[in-house]
Amino acid sequence: MQTILITGGAGFIGSHLTRLFVSKYPQYKIINLDALTYAGNLQNLSDIESRSNYQFIKGDITNAKLVNEIFETHQITSVLHCAAESHVDRSIADPLAFVRTNVIGTVTLLQAAKEYWNGDYENKLFYHISTDEVYGSLGETGFFYEDTAYDPRSPYSASKASSDHFVRAYHHTYQLPVKISNCSNNYGPFHFPEKLIPLSINNIINNKPLPIYGKGENIRDWLYVEDHVRAIDLIFHKGKNGETYNIGGHNEWTNIALIRELCRQMDHKLNREAGSSEKLISFVKDRAGHDLRYAIDATKLKDELGWLPSLQFEEGLSKTIDWYLANTAWLNDVVNGSYKDYYEEQYHKR
Ligand code: NAD
Ligand code: DAU
């Protein structure tokens with residue numbers, strides 16, 4: 001019997017991970033601890049919220065008293081730690097919020113796990129969901145490997161690098177069983193429309209400008225979110241204790257090429273004249289310290305656990321656009337902020 005604490009389960013990746021584990025493993029009990037910041041949205045989980053093996057707790061991972069109580073009350077056997085401040089631009093504006101959640105929050109969880117498990121580490125695991133941004137920025141060639149030296153360059157990536165270091169420190173110092181995965185850029189349903197792809201989909205729908213930072217030459221390696229959580233499932237169950245796994249799509253796009261492909265597909269789906277969405281492209285001031293290129297080598301995950309991405313990017317992007325076009329109510333609720341009412345209605349009025 002496993003009781004798994006998923007943190008940040010109401011966010012983008014966390015909601016896909018929670019859905020997968022709740023549906024695929026009815027024998028596991030899943031506790032979702034999420035503070036419901038601006039990025040947390042319980043509507044992301046409305047299809048599974050009444051399952052008997054699922055429970056939501058609204059709370060902050062930096063609240064040590066609450067976190068300790070959850071470990072004791074629910075007899076937590078594993079942690080899938082997703083909660084984070086995740087947006088690079090917000091980290092440039094407010095670095096301390098990232099130190100608080102990503103560093104102090106992670107150490108609070110590690111400490112609670114260490115104290116509650118108290119050296120009995122059989123069938124226990126602390127799994128940290130991390131990012132490729134900890135490795136820094138690549139030039140035109142090369143890849144990030146699991147042993148690439150850390151070189152974070154934004155407050156966001158510095159906070160994630162710090163949290164990775166703490167996870168490894170708890171493994172080496174206290175033998176806490178841990179796994180870390182570092183993934184490239186995700187896309188798919190429930191992605192908050194502050195990030196490049198959902199922001200651009202929303203702006204195309206509404207005929208608003210598409211802000212491209214700098215010249216649009218920065219490169220990201222895009223992976224469909226369901227492929228990411230499938231990798232996490234494999235690593236959680238079959239990966240080795242203390243190990244790090246890189247997860248990526250082998251799917252590099254410059255931002256401008258990606259946005260042109262998005263415009264092409266959306267013109268077609270919205271029955272607009274070919275080329276009309278591209279006219280919305282607007283080059284704006286670059287992001288401060290903008291990393292040029294990320295590219296993951298995921299050979300270890302393929303060789304050890306047989307994982308490969310299942311979707312070609314054009315297909316994944318098409319599925320993603322279709323989801324946003326079919327879920328304009330979700331999108332509008334997020335954009336106008338009314339998704340925050342959902343928690344009140346769902347949990348305080350019954
Ligand atoms: P997100 O911003 O969509 O969701 C974060 C979730 O964490 C939200 O539900 C939010 O309410 C919750 N949260 C934030 N602060 C909290 C706190 N103090 N206590 C409790 N809950 C809190 O993020 P995401 O894009 O789903 O990313 C999830 C994880 O995956 C993060 O750790 C991120 O670093 C990592 N990651 C993301 C990507 C990506 O492309 N999105 C890629 C690689 C790794
Ligand atoms: O690589 C993994 C990381 O990917 C995750 O760890 C982060 O949580 C996630 O937010 C993402 O970070 P990026 O900064 O790469 O994602 P974002 O969608 O913000 O930006 C993607 C690229 O597009 C980046 O080069 C900046 C650029 N961009 C972004 C926005 C929001 C624009 O040109 N215009 C925009 O309006």
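Here, each number is a calculation from the coordinates, and none is a lab measurement. Please read all numbers here as calculations on a predicted model, not as lab measurements. With ideal geometry, Cβ positions are generated from the backbone for all residues, glycine too; neighbour counts draw on all protein chains shown.
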| query | In debye, nearest 20: dipole of the stretch 277-350 around its Cα centre with unit charges on the Cβ of K, R (+) and D, E (-)? | reply | 200 debye
| note | Relative contact order as a percentage, the chain, C-alpha pairs under 8 Å and 6+ apart, gives 17 percent
| request: Report the GluC sites (Glu not before Pro) located in the stretch 74-149 that are in a DSSP loop and have at most 11 other Cβ atoms inside 10 Å of their Cβ, or state none. | output: E122, E140
| query | If one takes the longest principal axis of the Cα atoms in the chain, at what angle in degrees, from 0 to 90 and to the nearest 10, does the Cα axis of helix 313-326 lie? | reply | 90 degrees
| query | What are the principal axis extents of the Cα atoms in the stretch 63-168, in Å, biggest first? | reply | 49, 30, 15
| note | So E344 and S310, fully extended at 0.36 nm per residue minus their Cα-Cα distance, gain in nm 8.5 nm
| message | Starting from the Kirkwood Rh over alpha-carbon pairs, what translational D in µm² s⁻¹ does the stretch 247-329 have by Stokes-Einstein at 10 °C and 1.306 mPa s? | response | 103 µm²/s
| message | For the chain, take the longest principal axis of its alpha carbons; what is the angle in degrees between that and the long axis of helix 155-174, to the nearest 10 within 0 to 90? | response | 20 degrees
| message | For K65, give me every one of the lysines with a C-alpha distance below 28 angstrom, ignoring sequence neighbours fewer than eight places off in its own chain. | response | K29, K114, K124, K160, K179, K340, K349
| Taking only Cα atoms, what is the 0 to 90° angle, nearest 10, from helix 12-24's long axis to the longest principal axis of the chain? | 60 degrees
| request: Kindly provide the pair-distance distribution of the chain built from C-alpha pairs, with 10 Å bins from 0 and whole-percent values in order of increasing distance. | output: 5, 25, 35, 24, 9, 1, 0
| task | Could you go through the stretch 138-152 in sequence order and give the Karplus-derived ³J(HN,Hα) for each residue, using 6.51 cos²θ - 1.76 cosθ + 1.60 with θ = phi - 60°, rounded to whole Hz, and x for Gly and Pro? | result | 9, x, 6, 10, x, 9, 8, 10, 4, 9, 4, 5, 5, 8, x
| note | Using alpha-carbon positions, the gyration tensor of the stretch 1-118 gives root eigenvalues a ≥ b ≥ c; with a/c under 1.5 called rounded, otherwise prolate if a/b exceeds b/c, else oblate, the class is oblate
| request: Starting from the amide H of F283, placed 1.01 Å from N in the peptide plane, find each other amide H under 5 Å away whose residue is 5 or more places distant or on another chain. | output: I212
| remark: Sparse-neighbourhood loop hits (GluC sites (Glu not before Pro), the stretch 219-325; DSSP loop; Cβ within 10 Å at most 11 others) -> E273
| query | Given a Förster distance of 25 angstrom, what is the FRET efficiency for N327 paired with S23, based on the Cβ-Cβ distance and rounded to 0.05? | reply | 0.85
| remark: Expected vector for the stretch 247-254, Karplus 3J(HN,Hα) from phi with 6.51, -1.76, 1.60 and θ = phi - 60°, integer Hz, x for Gly and Pro, equals 10, x, x, 6, 8, 8, 9, 5
| Relative contact order (percent) for the stretch 45-163, with alpha-carbon contacts under 8 angstrom and 6 or more residues of separation? | 31 percent
| query | When the dipole is taken about the Cα centre of the chain, and only Lys, Arg (+1) and Asp, Glu (-1) are charged at their Cβ, what size is it in debye, to the nearest 20? | reply | 420 debye
| said: Below 18 Å, Cα to Cα, which lysines can K24 reach? Residues fewer than 8 away in the same chain don't count. | reply: K238
